[in-house]
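Read through the structure below, which is laid out as structure tokens, and then see the notes.
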Amino acid sequence: MDNLTRRGMLAGSLPVLGAGAALLGAGGAKAQHGQHGAATTTTTVPPGAGHVAGHGGHADFAGGATVDHARNGFDPADIVRDFDWGKTTKLASGRVLREWELIAVDKEIEVAPGIRFAAWTYNGRIPGPTLRAREGERLRITFINGSEHPHTIHFHGIHPAEQDGVAGIGAGEIAPRGRTVYEFDALPAGLHLYHCHVRPLAEHIAKGLYGAFIIDPKEPREEADELIMVMNGFDTNFDRLNELYAVNTIGFAYMSSPIQVRLGDKVRAYVVNVLEYDLINSFHLHGNLFDWYPTGTSKRSSEFTDTVMMCQGMRGIAEWQFAYPGKYMFHAHQSEFTELGWQGFFEVTGS
């Protein structure tokens, strides 16, 4: 079982992710190393792992196994509505200065029951904090590299070259125990992202160094119940194929703990795709259609649909209202991704 991969599991009709630690085999604890000596460790397969799934029900972790969110230091149930506005002061001109501190930290994350991933994180969580500002503000981000590897922060958006967070320009790569400050104007309004831009780029992103970055327009959007949904995945055996898929890091997190929304309320989901090693990801909503605003830079919807497809780094804003109470699934429309963790429920209540 040592060479078992997710594609081998699916091709062999083994259970989709009924298995937690079984994704990496059933031979007890082991470690595999990728670039920079990073390691992923699994524990002994839990009881019930590896069972053959039936035809009914939904994919989920075997036996109701769960991830220890407290040990991880973050919970997808909180992340989905957690927007970090930083701290603000007024410049002499009267303009708002908004500031954050982001620290790169090497940290072991339990990404599925019994699977601990040697991650690289911003502020100890994956995804990093969802930074939020208003169009035209001055932004200042202090970056401290507490990792054992060089890192940067590259922000999508409009800014000077020396603030771009790439090697050889401005501060360039930030060495371990180094620091720098990124400062630029909040432009343009829309949904963006940030991530490390050190080679090998795919690995620095895939190991967890990314987050969402929202700039609200000067004329605010209509009031809504707002959600952040960062689509990601994890290559747990360093074969450049993902064994796990999720929204907000933990597979199936919103199956047993559905996202609660109110009947008739406008829902606004900021959807960001940072999945590496797969060319395409997607977002599909059951029982409804949504207005889709690619990159969030226009207030005019590009389409009214129930499924959108995105490459790495693509993002958009989805808006809709539920017309009926009940539980409605959302997931990737690549069935393989769905059955390896990327699915959840909205639970609609109220009158």
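The values are calculated or read from the model by the stated rules, or taken from the named source; none is laboratory data. Model, not experiment: these values are computed from the prediction. Neighbour counts are summed over all protein chains in view; Cβ atoms, including those assigned to glycine, are modelled from backbone coordinates with ideal geometry. Surface areas here come from the heavy atoms of the whole protein model, side chains and all, with no ligands, DNA or RNA. Shrake-Rupley method; radii C 1.70, N 1.55, O 1.52, S 1.80 Å.
Tabulated data
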| item | result |
| --- | --- |
| Checklist (1) crowded, with 17+ Cβ neighbours inside 10 Å; (2) closer than 30 Å to E203 by Cα; (3) in contact with a strand residue (DSSP E or B) (Cβ under 6 Å, 6 or more places away or on another chain) applied to T307, failing item | (1) |
| Residue match in the stretch 216-224 (condition: of a type outside the set (V, I, T), at pLDDT 95 or above and touching a Phe, Trp or Tyr at 6+ places or on another chain (Cβ under 8 Å)) | no |
| Every residue from the stretch 333-351 that is over 16 Å from M229 (Cα atoms) and part of a helix (DSSP H, G or I) | S335, E336, E339 |
| From L285, L275, residue being under 19 Å from the mean Cα position of the chain (by Cα), under 30 Å from K107 (Cα atoms) and not hydroxyl-bearing (S, T, Y) | L275 |
| Subset of the stretch 331-344 [touching a strand residue (DSSP E or B) at 6+ places or on another chain (Cβ under 7 Å) and touching a residue at least 60 places away in the same chain (Cβ under 8 Å)] | A332, F337, T338, L340, G341, W342, Q343, G344 |
| Single residue of the stretch 321-335 satisfying the filter (buried (at least 17 other Cβ atoms within 10 Å of the Cβ) and among the aliphatic types (A, V, I, L, M)) that is farthest from H58 (Cα to Cα) | A332 |
| Scope the stretch 139-182; condition hydroxyl-bearing (S, T, Y), open to solvent by less than 10 Å² (accessible area, probe 1.4 Å) and in contact with a Phe, Trp or Tyr (Cβ under 7 Å, 6 or more places away or on another chain); matching residues | S147, Y182 |
| F283 being under 15 Å from D225 (Cβ atoms), open to solvent by less than 20 Å² (accessible area, probe 1.4 Å) and not hydroxyl-bearing (S, T, Y) | no |
| Only one of T338, T295 that is over 20 Å from D235 (Cα atoms) and open to solvent by less than 60 Å² (accessible area, probe 1.4 Å) | T295 |
| Strands (runs of 3 or more DSSP E) (entirely within the stretch 30-138) containing at least 2 residues that are open to solvent by less than 10 Å² (accessible area, probe 1.4 Å), under 30 Å from H159 (Cβ atoms) and modelled with pLDDT of 95 or more | 96-112, 115-122, 131-134 |
| Long-range neighbours under 8 Å by Cβ, at least six apart or interchain, first residue within 12 Å of I79 (Cα to Cα) within the stretch 222-237, second open to solvent by 10 Å² or more (accessible area, probe 1.4 Å) and part of a strand (DSSP E or B) | none |
| Scan of the stretch 183-204 for residues that are surrounded by 23 or more Cβ atoms within 10 Å (Cβ to Cβ) and either of a type in the set (K, R) or in a helix (DSSP H, G or I) (or both), ordered by number | H204 |
